[in-house]
Amino acid sequence: MIFHMTSKRPILLVGSGAQSAGAKELILKFAKKTNIPVLTTMNAVDLVQDDLRFGFIGTYGNRVANTILSECDLLISLGARLGLRQIGNRPEAFAPKAKLIRVDIDQYELSRDIKVNEEKHLMDAKAFMDVLLTETIPDYTQWKNQCIELKKLLEPYDKELGNLVIEKIGTLLPENSIVAVDVGQNQCWCAQSLVLKGHNGRILIAGGYGSMGCGLPLAIGASISIGRGVTYCITGDGGLQMNIQELETVVREQLPIKILVINNQSLGKISEIQEGSYQSRFAQTTKMSGYTVPDFEAISKAYKIKSTTLSSYEELDKYKTWMTDQEPCLINITLPELTKLIPKIKWETGKIEPALDTETMKRVGDILKNVI
């Protein structure tokens, strides 16, 4: 028996290894059968969407996901590497109340110890889920409902402008959309706030490649793979400039790719670190420190791609038809230069910042203490 029957607050954590193994349908079946909450890593945010979504864990993870992680008493990690951006620099603080069961096909990943007395299974993720689904596991509806209550409580927090832009984009996407995401703040905002309709869409994140500029090439490959179908590219002003010549590929191959540029006229992820950790000594990341942005609308029109520039994400409603027709387009959405990315788990302390107010913390505690 793999599952620990004494557990009262179990969670299943899935990484992109589970996606690669083709375990998605089994994961969804397990989640619906047991009502055990499912969390993801950043690279696997599209594995669990729509009504089952609680978000992803780690440095820039959803506050509710990291809160659930800190309170669970059994953590089954499936196809997740559990690197530093998930566990931080103090492994003892990672899921501190939980027994850890790790499932990975890579023996070298399992050679690392995350927690004392953790259980390890050198297995294919799909094969593991096949076994887990044969076990008799209690129904955890009460625990899941309390997680849902936490989610509703914490949803209003941590919504910066970038999150609101991504949420708005999500409302305009058709069911089961394929979205390619670039590297940078836009990647984290998408992982936090892009909720797809349906359970068969994809959010293609660069993940371990970490290559800025990957968004448009990913969208091109995805479009070709589905017979030149509609795909979406969410990118930043910095990322788009890395492979802007691929606009010619979009036109030449007649690919209906919808390019949404989250344009804060800065290399946001780097400038944020320079601001917070280096006393705002910006270098080649902002307009005043040597970084500039071209007129993306004009460039797009030069490639004969219809385009527009928006001063507010609220104007997106005017372009609903652009999001679903069979033509490529570029929508340049401008944001203030130093738009923030929150929440963030502070590396030095392991605490989520910004901290919640006292009253909200009390309400979180009241919800969690009712778990039996």
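In a DSSP loop and with at most 10 other Cβ atoms within 10 Å, the trypsin sites (Lys or Arg not before Pro) in the range 241-285 are ARG281. Dividing the helix sum by the residues of the chain, where each DSSP H run of 4 or more adds -39500 (n - 2.57), gives a mean residue ellipticity at 222 nm of -9500 deg cm²/dmol.
Between LYS320, LYS126, LYS144, the Gaussian network model of the chain with springs among Cα atoms under 10 angstrom shows the greatest mean-square fluctuation at LYS320. Placing +1 on each Lys and Arg Cβ and -1 on each Asp and Glu Cβ, with no other charges, gives the chain a dipole about its Cα centre of roughly 460 debye. For the chain, the longest principal axis of the Cα atoms and the long axis of helix 215-225 meet at an angle of about 80 degrees. For LEU39, nonlocal amide neighbours, meaning residues 5 or more places apart or on other chains whose placed amide H falls under 5 Å from its own, are LEU12, LEU13, VAL14. Here the label points at ILE226 and GLU348, each 7 Å from Cα along the C-beta direction, are separated by 4.5 nm in the simple model. Here's the picture: a label point sits 7 Å out from the Cα of GLN284 along the beta-carbon direction, and within the range 325-349 nothing has its amide nitrogen under 15 Å of it. Among [x] 36, 24, 19; [y] 30, 26, 22; [z] 48, 22, 20, find the value of semi-axes √(5λ) of the Cα gyration tensor in Å that was calculated from the structure presented, and write down its label. Step by step, semi-axes √(5λ) of the Cα gyration tensor in Å for this structure corresponds to label [x]. The trypsin sites (Lys or Arg not before Pro) of the range 169-231 that meet both conditions, a loop assignment by DSSP and at most 16 other Cβ atoms within 10 Å of the site Cβ, are LYS197, ARG228. Taking Cα atoms only, the orientation of helix 24-34 departs from the longest principal axis of the chain by about 50 degrees.
Please check: in the Gaussian network model of the chain (C-alpha springs, under 10 Å), which one of MET42, MET361, MET123 has the largest mean-square fluctuation. Checking each option, the largest mean-square fluctuation is seen for MET361. For ASP73, ASP237, the sequence from fewest to most other C-beta atoms within 10 Å is ASP73, ASP237.
Rounded, prolate or oblate, given the Cα gyration tensor of the range 161-341, with a/c below 1.5 counting as rounded?
prolate
Using the average count of surrounding beta-carbon atoms within 10 Å as a protection proxy, the listed peptides 297-308, 61-72, 347-358 rank, highest first, as 61-72, 297-308, 347-358.
All of the numbers you see were taken from the coordinates with simple rules; none came from a lab. If you're wondering where the values come from, they're calculated on a predicted model, not measured in any experiment. FYI the Cβ positions are ideal-geometry reconstructions off the backbone, even for glycines, and counts take in every protein chain you see.
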